[in-house]
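Derivation of every value follows stated rules applied to the coordinates shown; laboratory data play no part. Note that the coordinates shown come from a computational prediction; the quantities given were computed from them, not determined experimentally. All Cβ positions, glycine included, derive from the backbone under ideal geometry; neighbour counts span all protein chains shown.
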Amino acid sequence: MGLKSIVLLGYMFGFLWLRRNLLSMVWLFSTPFTILFLFYVIAGESALPNALAGAYLMLFIGAGVAVIGDEVWNKHEIKLQDILVASPVTAFDYMAGIAFAELFFTSPGIILLLIPLLLFKMTAFGMFTLIVVPLITWMLVSAIGFYFSTYVPNTRNGWQISTLLNLVLAILPPIFYPIEVIPSVLRPLAYIIPTTHAALLLKESLGIVTLTLAETVFSWLFLIIFSTLSTVLAIHKAQWRES
Amino acid sequence: MSIPIVKTVELTKRYQRAGTLALAGVTLELNGQGVFTILGRNGAGKTTLLRIIATQLMPTTGQVFVLGFDAIKEAKMVRRNITVMPQEGSTLPPLTPWDHVYYLLRVRGVSKSDAEDSTLEVMQKLDLVDCMHVHADQLSGGLRQRTMVAMAMATKARLLLLDEPTLGLDPLSRRRIWKVIREYCKTYGSVILTTHYLEEAEVLSDDIVILSKGKMIAQGNVDALKNIVEEKTKVEVYEGFTDEELQSYGRLVVVADRRRVLTDPRAAQELVNEAITRGVKAQTSPITLDDVFVDLAEEES
């Protein structure tokens with residue numbers, strides 16, 4: 001099964017749902033675009049490149065975080081997860097399927113933001129970074145989201161954890177603003193958050209920041225290792241079968 | 001000898017957070033192809049047992065074998081051969097009954113054409129054809145419940161686990177589901193269900209397991225269970241007799257506002273005659289599973 005199950009789950013939970021319930025798209029759209037608007041209004045045009053990159057990355061983070069809400073709902077409210085646990089579908093298929101579904105909800109926002117971002121001068125590698133880094137981030141956050149969702153005891157806690165995760169991964173770290181703004185004493189804290197590295201790489205690809213080769217390699221490695229570990233954690237330590 | 005559908009050995013389950021012992025050493029064996037019913041009061045451990053069999057929940061101690069596979073170590077093999085309808089499950093609001101059944105089959109690895117055939121077949125059996133393309137949020141609770149049953153049945157799994165499949169359904173819909181369950185057993189495999197409806201258990205079951213406070217207190221077919229109760233006739237009396245008077249005819253069992261006298265046919269007739277003389281209502285009938293269940297539950301408590 002594998003890939004086929006993932007695509008079908010994504011289609012079922014994402015495309016079919018979205019086609020018949022357009023309202024579902026609004027909330028994933030609203031936060032990144034609101035923050036982008038606020039940065040523009042408060043800090044002016046100079047803040048726009050950072051904020052555009054931040055909003056674009058936040059859509060992928062949001063897609064990953066949304067996995068918690070949907071999976072907790074599937075598990076505790078409609079019990080669809082119970083049906084899938086007792087079937088040949090694996091935990092990874094399910095996690096990836098739901099994560100894929102979330103991309104349908106954010107895709108209009110991604111397309112909207114890609115239009116101004118593609119106007120930035122970019123190398124071929126920059127273009128690659130613009131596509132791949134957000135996808136790695138989405139995978140990483142989805143895996144963390146899935147892991148948490150299997151331990152959340154009820155739906156309300158699911159909403160609370162996803163709000164908290166969004167805060168830690170997308171609002172507080174230097175996603176929408178330059179890392180230099182953070183006091184140097186707090187900067188190491190920002191560097192332990194994987195989305196900081198995703199934002200740095202993305203902004204470098206757009207020419208907003210300049211990174212040394214060592215910094216670029218470190219950020220790529222940090223992101224790849226973190227996403228691999230979180231995926232392994234999700235597959236092996238998530239509570240697919242309850243204990 | 002054929003492999004048991006389900007075999008459990010000294011199965012226990014303790015929920016750490018609540019500190020409750022949901023199963024306290026259940027050893028049972030379900031053999032042959034048929035409908036197996038798990039009966040019990042609220043909190044007896046029915047859903048816990050079903051979820052352990054379905055590989056959704058790990059037991060604290062003990063062993064579980066499903067269709068010959070170790071459900072703890074060989075969950076993957078078990079999952080290929082079973083399907084589940086969870087208790088109080090629901091449907092995805094913007095999706096139709098067709099979507100629910102068809103995509104679940106596809107996700108399980110069924111080919112497009114087979115999934116289409118099976119979906120249509122189950123829609124017809126469960127009388128869902130007229131609403132199969134209506135969004136679930138526009139369906140009645142009963143139709144949504146039938147969609148859940150359809151999702152399980154369409155898989156044609158060797159073992160179907162249904163947790164209260166007729167909960168909230170009207171009497172006609174319940175009977176339709178009973179018929180479909182019986183047909184399923186003849187064609188595809190076995191069904192294990194939990195229910196609170198004793199009439200449902202009596203009509204459907206080839207074998208019944210009664211749980212009380214996490215323990216199995218009885219197992220057998222309907223006739224065998226009825227033999228647990230010594231008396232074979234009951235008289236239901238509503239008024240006009242004192243408890244002492246009723247006790248002189250047989251064993252008095254009080255269930256809510258109803259009083260039942262379990263006795264032999266001759267004494268039952270005498271009690272009915274006396275009721276007629278006094279001008280009060282009394283009904284006599286052979287004992288049912290309900291009487292057995294009440295008797296066993298009372299004994300346990």
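By the equivalent-ellipsoid construction on the alpha carbon gyration tensor, chain B comes out with semi-axes of 39, 24, 16 Å, ordered largest to smallest. Ignoring lysines fewer than eight residues from B:K281 along the same chain, the ones with Cα atoms less than 18 angstrom from its Cα are B:K234.
What does the convex hull of the Cα atoms come to per residue for segment B:182-269, in Å³?
Taking only Cα atoms, segment B:182-269 has a hull volume of 137 Å³ per residue.
Taking amide H as placed 1.01 Å from N in the peptide plane, the amide H of B:L211 sits under 5 Å from that of B:L39, B:G40, B:I217, each at least 5 places away or on another chain.
Based on every Cα atom in segment A:171-240, Rg and the maximum pairwise Cα distance Dmax equal 13.7, 43 Å.
If R0 is 56 Å, what FRET efficiency do you get for B:R17 and B:V280 from their C-beta distance, rounded to 0.05? Efficiency, from the Cβ-Cβ distance: 0.60. If you take all C-alpha pairs in segment B:233-300, what percent of them are over 15 Å apart? It works out to 46 percent of all Cα pairs. Distance between the C-alpha centres of segment B:70-144 and segment A:1-51: 29 Å, rounded to the whole angstrom.
To the nearest µm²/s, what D does Stokes-Einstein give for segment B:151-199 at 37 °C and 0.692 mPa s, using the Kirkwood radius over alpha carbon pairs as Rh? Intermediate results must be reported in sequence, preceding the final value.
Numbers: Rh = 11.2 Å.
This corresponds to a translational diffusion coefficient of 294 µm²/s.
Starting from the Cα-Cα distance between B:N81 and B:V9, subtract it from 0.36 nm times their residue separation and give me the gain in nm to one decimal. Between B:N81 and B:V9, full extension yields an extra 23.8 nm.
Relative to the compact-globule estimate of 2.2 N^0.38 Å, the Cα radius of gyration of segment B:110-190 comes out at 1.06.
I'd like the mean, over residues of B:52-59, of how many other protein chain beta carbons sit within 10 Å of each residue's own Cβ. Don't skip to the end; give the middle numbers.
Numbers: counts 2, 1, 6, 5, 10, 5, 4, 1.
Across the residues of B:52-59, the mean count of other-chain Cβ atoms within 10 Å is 4.
In whole Å, what is the distance between the alpha-carbon centres of segment A:93-130 and segment B:240-284? Rounded to whole Å, the Cα centres lie 77 Å apart. In order along segment B:58-63, the phi-based Karplus estimate (6.51 cos²θ - 1.76 cosθ + 1.60, θ = phi - 60°) of 3J(HN,Hα) comes to 7, x, 6, 9, x, 10 Hz; Gly and Pro are listed as x.
Starting from the Cα-Cα distance between A:T123 and A:R187, subtract it from 0.36 nm times their residue separation and give me the gain in nm to one decimal. Write out the running numbers ahead of the final one.
Values: separation 64, 0.36 × 64 = 23.04 nm, distance 2.86 nm.
Full-extension gain reported as 20.2 nm.
Peptide B:92-99 shows a mean partner chain C-beta count of 4 within 10 Å per residue C-beta.
What FRET efficiency comes out for B:Q63 versus A:L3 if R0 is 25 angstrom and r is the Cβ-Cβ distance? Round to the nearest 0.05. Each step should come with its number before you reach the end.
Details: r = 35 Å, r/R0 = 1.41.
My answer for the efficiency is 0.10.
Largest first, the extents of the alpha carbon coordinates of the protein assembly as shown on the three principal axes equal 101, 51, 49 Å. In this structure, the amide hydrogen of B:M85, modeled 1.01 Å from its nitrogen in the peptide plane, lies closer than 5 angstrom to those of B:L161, B:L162, B:D163, counting only residues at least 5 positions away or on a different chain.
Extension gain A:E45-A:L233, at 0.36 nm per residue separation less the Cα-Cα distance, in nm?
Working: separation 188, 0.36 × 188 = 67.68 nm, distance 4.12 nm.
Length difference between fully extended and current span is 63.6 nm.
Taking the three principal axes of the alpha carbon atoms in chain A, the coordinate ranges are 52, 36, 34 Å, sorted in descending order.
When DSSP beta bridges are restricted to pairs lying wholly in segment B:6-224, around 55% turn out antiparallel.
For the protein assembly as shown, the 222 nm mean residue ellipticity estimated from helices alone, with every DSSP H stretch of n ≥ 4 adding -39500 (n - 2.57) and the total spread over all residues, rounds to -16500 deg cm²/dmol.
In segment A:65-205, the ratio of gyration radius to Kirkwood radius, Rg to Rh, stands at 1.03 when only Cα atoms are counted. Extents of segment B:1-52, largest first, come to 40, 20, 14 Å (Cα atoms, principal axes, whole angstrom). Under 5 Å from the amide H of B:K232 lie the amide H atoms of B:T263, each residue being 5 or more positions distant or on a separate chain, with H modelled from the backbone and absent for Pro and chain starts. With only Cα atoms counted, segment B:64-124 has Rg and Dmax values of 14.2, 39 Å.
Students often get this wrong, so check it: of A:K79/B:K13; B:K156/B:K213; B:K125/B:K215; A:K237/B:K213; A:K79/A:K237; B:K7/B:K76, which have C-alpha atoms separated by over 28 Å? From A:K79/B:K13; B:K156/B:K213; B:K125/B:K215; A:K237/B:K213; A:K79/A:K237; B:K7/B:K76, over 28 Å: B:K156/B:K213; B:K125/B:K215; A:K237/B:K213. Among the residues of B:146-153, the average count of other protein chain beta-carbon atoms within 10 Å of the residue beta-carbon is 1.
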